[in-house]
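The values are calculated or read from the model by the stated rules, or taken from the named source; none is laboratory data. All figures in this text were calculated on a predicted structure; none of them were measured in a lab. So basically every Cβ, Gly included, is an ideal-geometry build from the backbone, and we count neighbours across all protein chains shown. Note: areas computed on protein heavy atoms with side chains; ligands, DNA, RNA excluded. Shrake-Rupley method; radii C 1.70, N 1.55, O 1.52, S 1.80 Å.
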Amino acid sequence: MSDIHIEPYEKTLQVRYRMDGSLYKSMNLPLSIKNALNSRIKIMSQLDITERRVPQDGRIRIKLGRNRAVDFRVSTLPTLFGESIVLRILDKSSLNVDLTKLGFEKETFTTLQRCIERPQGLLLVTGPTGSGKTVTLYSVLNSLNSEDTKILTAEDPVEFNFKGINQVNVKKEVGMTFPAALKAFLRQDPDIIMVGEIRDMETAEIAIKAAMTGHLVLSTLHTNDCPATIGRLVDIGIPPFMLASAVTMVLSQRLARKLCVHCKEEVPMPPKEELIALGFNENDFEKEFVIYGPKGCQKCNGGGYKGRVGLFELMEITDEVAKAISAEVPEDQLRKIAVQEGMTPLRRAGVKKVIEGVTSIEEILRRTVITEESLPAYLVHPDIEEYEDGDFIIRQNNNDSDFFKLVIGAVSVVKDGKKIAEITEPGEYFGEMSAISGEPRSASITSKGRAKVKRFPGDKLQEVIQKYPDVASHLFKTVVNRLNQANNIIVKLANDRAKKPE
């Protein structure tokens, strides 16, 4: 359990708790105890019991026996029917700060280790509230904590205390903000700095300058994925060239519920096409695997899930990624380059957990979104079409102007019922002369076996040329070749005519 919610409504006082990321209703309390309960929690949290108009934050420590204590981070919020109170449970005995047990894929973990072992740079962890960013940062700090390393952290608030780490609570009311803490840190001779969150230009600027002057800086941001983080920092006001040289890695993460190992059950395998549309790829089907779903038992309180596992997307700032950031390429292009450099998208990380039997398809669909890089090419581009053996792609004498590029397979060129040629090389274009000249089709094109082709609209040549530089280059070469052929024919006719006696 991670949170307790006490929520007042018109006729009830509802209590809910969050377990493994999901809220469950616990009980309804009588409205008559609402004010007394709120006051008691406020007194224990050292809050102002007379102030009910503005939100307040506090902390409670409860001792459980001689050697164990549990902290509660308390937040109050004025609502229509009274104050809503949320208690975040901070139990250090249940805190897992072992990097090897967070759920990293082998390749992602290797990349993470390589990044945190560097002596300087900015390491960013991103994700929504409750996605485990703080635990990941604490785990990294715990792995780096040693007697010969000075570590300073600025947090709002400090959730867990660690021996050997100097932790500072941010207090805006007295001027102890993230920028103020960072400026003071740089005069404390630190080796590693952690900033709880980058929220503004000043904090981001100081963090990046610290990373560029020999410090290892860790921080968090609230963004959807790794490429979006770069765009967010640029929006804050950081120049792209500084990001390219200062940022070492960006780690985006989510927490997915783990299937209960005592009751998970095999579910029917969906069709292959459906799985591919969800983010599976062709290589996944080379080995047999089983998909599991939740059932529910006493061990998991009937929910079918018990515990959570991390889904991670790590973008290392390699030379190619740094060049793309400096060039200010669009977010989707940056994502493609990062994937080419070894980044595993969040959906793909989730798919791997499904194949391993750790979680369910429904949980992955709930926690992650599909991106182009998680799909095969013919699903990314809906203008890629699939044809069976003998299907007509182009019909002779038709007046349509679309042209095509072969993706997979082969096609036959048929004129007046006779096969005159074949196109077998992926990437070859056909049908473009009708788009250029506007003339009817001079031959038919049929599929030889199963083939996939990409269609380009011939009536929108200007837009196609602007969007696809490789298509523009091909069309230009085609026109030049046809002009050269026409020129050669004209020259030959002229020479033949000159040779004839008058």
Loop-located trypsin sites (Lys or Arg not before Pro) in region 187-275 whose Cβ has at most 15 other Cβ within 10 Å (DSSP) = 187
Residue 176 long-range amide H proximity, modeled H, under 5 Å = 171
What value, in deg cm²/dmol to 500, does the helix sum -39500 (n - 2.57) over DSSP H runs of n ≥ 4 give at 222 nm once divided by the residues of the chain?
-> -9500 deg cm²/dmol
For residue 26, distant residues with modelled amide H under 5 Å away | 15, 16, 17
Using amide H atoms built 1.01 Å from N in the peptide plane, name the residues 5+ places from residue 168, or on other chains, whose amide H lies under 5 Å from its own.
-> 153, 154, 155
By how many degrees, between 0 and 90 and to the nearest 10, does the Cα long axis of helix 469-499 differ from the longest principal axis of the chain?
-> 10 degrees
With mean projected area of the Cα convex hull in nm² defined as stated, name the option among (i) 28.1; (ii) 35.6; (iii) 47.7 computed from the structure displayed.
-> (ii)
Which is farthest toward the positive dipole end of the chain among 453, 116, 442, measuring Cα position about the Cα centre, with Cβ charges +1 (Lys, Arg) and -1 (Asp, Glu)?
-> 116
Answer with one residue from 249, 301, 239: the one whose Cα lies farthest towards the positive end of the charge dipole of region 205-312, charges on Cβ with Lys, Arg +1 and Asp, Glu -1.
-> 301
If you take the beta carbon distance between residue 478 and residue 26 as r and set R0 to 51 Å, what does 1/(1 + (r/R0)^6) give as a FRET efficiency, to the nearest 0.05?
-> 0.15
Got a sec to turn the phi values of region 299-305 into Karplus ³J(HN,Hα) couplings, 6.51 cos²θ - 1.76 cosθ + 1.60 with θ = phi - 60°, whole Hz, x for Gly and Pro?
-> 4, 10, 6, x, x, x, 10
One-quarter of the Cα convex hull surface for region 189-306, in nm²?
-> 11.9 nm²
If the chain between residue 113 and residue 68 were fully extended at 0.36 nm per residue, the gain over the current Cα-Cα distance would be 13.0 nm
Sort by residue number and report every cysteine in the chain with no other cysteine beta carbon within a distance under 4.7 Å.
-> 115, 226
Of the accessible area of region 27-71, computed with a 1.4 Å probe and all protein chains kept, carbon and sulfur make up a percent value of 52 percent
Give the calculated FRET efficiency between residue 410 and residue 267 to the nearest 0.05, with a Förster radius of 45 Å applied to their Cβ-Cβ distance.
-> 0.70
How much area per residue is accessible in the chain when the probe is 1.4 Å and only protein heavy atoms are counted (Å²)?
-> 54 Å²
At a Förster radius of 51 Å, what calculated FRET efficiency corresponds to the Cβ-Cβ distance of residue 468 and residue 50, to the nearest 0.05?
-> 0.15
Phi to ³J(HN,Hα) by Karplus 6.51 cos²θ - 1.76 cosθ + 1.60 over region 38-53, Hz, x for Gly, Pro | 4, 5, 5, 5, 5, 4, 5, 8, 6, 9, 7, 6, 8, 9, 10, 9
Tally Lys/Arg at +1 and Asp/Glu at -1 over every other residue whose Cβ is under 11 Å from the Cβ of residue 296; what's the total?
-> +3
Working from the pairwise distances between different alpha carbons, so that the mean of 1/r is found and then inverted, what is region 410-502's Kirkwood radius in Å?
-> 15.8 Å
Would you kindly state the longest site-free stretch of the chain, with sites defined as chymotrypsin sites (Phe, Trp or Tyr not before Pro) in a DSSP loop (not H, G, I, E, B) surrounded by at most 15 other Cβ atoms within 10 Å?
-> 290-502
What angle, in degrees between 0 and 90 and rounded to the nearest 10, separates the Cα long axis of helix 201-212 from the longest principal axis of the Cα atoms of the chain?
-> 80 degrees
Near residue 73, within a Cβ-to-Cβ distance under 12 Å, what is the net charge of the other residues, with Lys and Arg +1 and Asp and Glu -1?
-> -4
Could you run the Karplus curve 6.51 cos²θ - 1.76 cosθ + 1.60 with θ = phi - 60° over region 415-423 and give me ³J(HN,Hα) per residue in whole Hz, x for Gly and Pro?
-> 10, 6, x, 10, 6, 10, 6, 10, 10
Once the in-chain neighbours fewer than 8 apart are removed, the aspartates and glutamates whose Cα is under 13 Å from residue 92 read 71, 159
